[in-house]
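K.L.:
Input: one structure, supplied below.
Every number in this text was worked out from the coordinates using simple rules, so none of it is lab data. Values in this document were obtained by computation on a predicted structure and should not be read as measured data. A quick note on method: Cβ atoms are made from the backbone with ideal geometry, for glycine too, and the neighbour counts reach across all protein chains shown.
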Amino acid sequence: MLQQTRIPVVTERFTRFKQKFPDLWSLAEASWDEVFKEWEGLGYYSRARNMKRCAETIVRDYAGNFPAGYDELRKLPGIGEYTAAAVASIVYGEKVPLIDGNVKRVIARLYGITDDVRETKTEKKIRILLEEHLRTLPEEDTASFNVGIMELGEVLCLPNAKPLCEGCPLKDVCAAKKENRTREIPVLSPKKKRGIEQKTVLVIRDENAVYLEKRPEKGLLSGLYEPIMKEGHRTAEEVFSGLTDEGFEISEIVRLPDAVHVFSHKEWHMTGYLVRLRKEMKKDRIFRVTKEEESRYAIPSAFAAYREYFWNQEVRL
């Protein structure tokens, strides 16, 4: 949860998640809808998906015992280099370097590395330097070394500001400090601009229920539920015409406020409409959900701006 979510949010949600799924077996046996519902609002649902798959793998292939060692950890779903190195080095004392943005910044400044730290070849150079240091340490010091380098970057070797060099234990051997280049190092190539996608969100409702779709099982927000969504920005006339062609009997269309949701790699710029129906409808792949049933459906926070209109009866033209 802490990979992408703020600590104040995680504090309460972690406790709730653990109460729902107290062990690997309960998580492995849970339905996808149950897991997604408990993750609702935390974003990056691939983390929840990988966590459940990881639990399933450990229960099935390791008799419920979390494997030790970097190489075994890397075989688990959702366990990448960073997480495997963190568990292997901090829990088991294995001499593998732990590399995050803080560590890259510390090592780049310490050695005066002027290559782009976002490039694979630069990370490889940093990894080799860290491995050389780890080889000289007793196994019991591995965790302290890895955590210590991260902590330096978090507390003293700060980004986007003047680092607090005078309090740093490495100040006398730091190349960037000696050369007065701490603002120039590390070198970071510009991040790619996020793509912008235009969407039209339709809160379709009859007297007692709202109509949802389930997203595809692969891709962004896969397997979650959402209001009916169309590509592009559509006018009320286009919405009415399109839904009528699909068999919906519409009594009223109300324009809702625009909204923007930012993902790591793209932005959704959304136009919204509340669509009231004359009567209940049954339609393939569309779920008619009452207010009492809504708690069973995981709806991503991307639609938070429109979710408040699910049951608001006061919205009028």
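K.L.:
Would you kindly state how much longer the chain becomes between Arg276 and Lys162 on full extension, computed as 0.36 nm times their sequence separation minus their alpha carbon distance, in nm to one decimal? List each step's numbers first, then the result.
P.N.:
On the way: separation 114, 0.36 × 114 = 41.04 nm, distance 5.62 nm.
Gain in length upon complete extension: 35.4 nm.
K.L.:
So which chymotrypsin sites (Phe, Trp or Tyr not before Pro) in the stretch 219-317 end up in coil per DSSP with only 16 or fewer other C-beta atoms within 10 Å? Before the final figure, lay out the partial values.
P.N.:
Details: sites: Tyr225, Phe240, Phe248, Phe263, Trp268, Tyr273, Phe287, Tyr297, Phe303, Tyr306, Tyr309, Phe310, Trp311; in loops: Phe248, Phe263, Tyr297, Tyr309, Phe310, Trp311.
When the chymotrypsin sites (Phe, Trp or Tyr not before Pro) of the stretch 219-317 are filtered for loop state and at most 16 Cβ neighbours within 10 Å, Phe263, Trp311 remain.
K.L.:
Treating the beta-carbon of each Lys and Arg as +1 and of each Asp and Glu as -1, no other charges, what is the dipole magnitude of the chain about its Cα centre, to the nearest 20 debye?
P.N.:
Details: 53 positive and 51 negative charges, 143 e Å.
With only Lys, Arg, Asp and Glu charged at Cβ, the dipole is about 680 debye.
K.L.:
Please give the contour-minus-distance gain from Val91 to Asn180: 0.36 nm per residue of separation, less the Cα-Cα distance, rounded to one decimal in nm.
P.N.:
Residue separation times 0.36 nm, minus the Cα-Cα distance, leaves 28.3 nm.
K.L.:
Hand me the tally of lysine pairs in the stretch 195-307: alpha carbons under 23 angstrom apart, and the pair either on different chains or 8 or more positions apart.
P.N.:
Taking the Cα cut-off of 23 Å, the pair count is 21.
K.L.:
Now for a separate question. In terms of the Cα gyration tensor, with a ≥ b ≥ c the square roots of its eigenvalues, is the stretch 195-307 rounded because a/c is under 1.5, prolate because a/b exceeds b/c, or oblate?
P.N.:
On the way: a/c = 1.74, a/b = 1.22, b/c = 1.43.
Judged from the Cα gyration tensor, the stretch 195-307 comes out oblate (a/c at least 1.5, b/c at or above a/b).
K.L.:
Sticking with this one: Near Lys125, which aspartates and glutamates are there with a Cα under 17 Å away, not counting those fewer than 8 places off in the same chain?
P.N.:
Glu81, Asp100, Asp115, Asp116
K.L.:
Can you give the longest run of the chain that contains no GluC sites (Glu not before Pro) sitting in a DSSP loop with at most 13 other Cβ atoms inside 10 Å? Present the calculation step by step, with values, prior to reporting the outcome.
P.N.:
Working: sites that count: Glu119, Glu179, Glu184, Glu207, Glu217, Glu246, Glu249, Glu280, Glu292, Glu293, Glu308, Glu314.
Longest run free of exposed loop sites: 1-118.
K.L.:
A further question on this structure: Summarise the long-distance tail of P(r) for the stretch 57-129 by giving the % of C-alpha pairs beyond 15 Å. Working shown, then result.
P.N.:
Values: 1541 of 2628 pairs.
Beyond 15 Å sits 59 percent of the P(r) for the stretch 57-129.
K.L.:
Which lysines have a Cα lying under 16 Å from the Cα of Lys20, excluding residues fewer than 8 positions away in the same chain?
P.N.:
Within reach: Lys37, Lys52.
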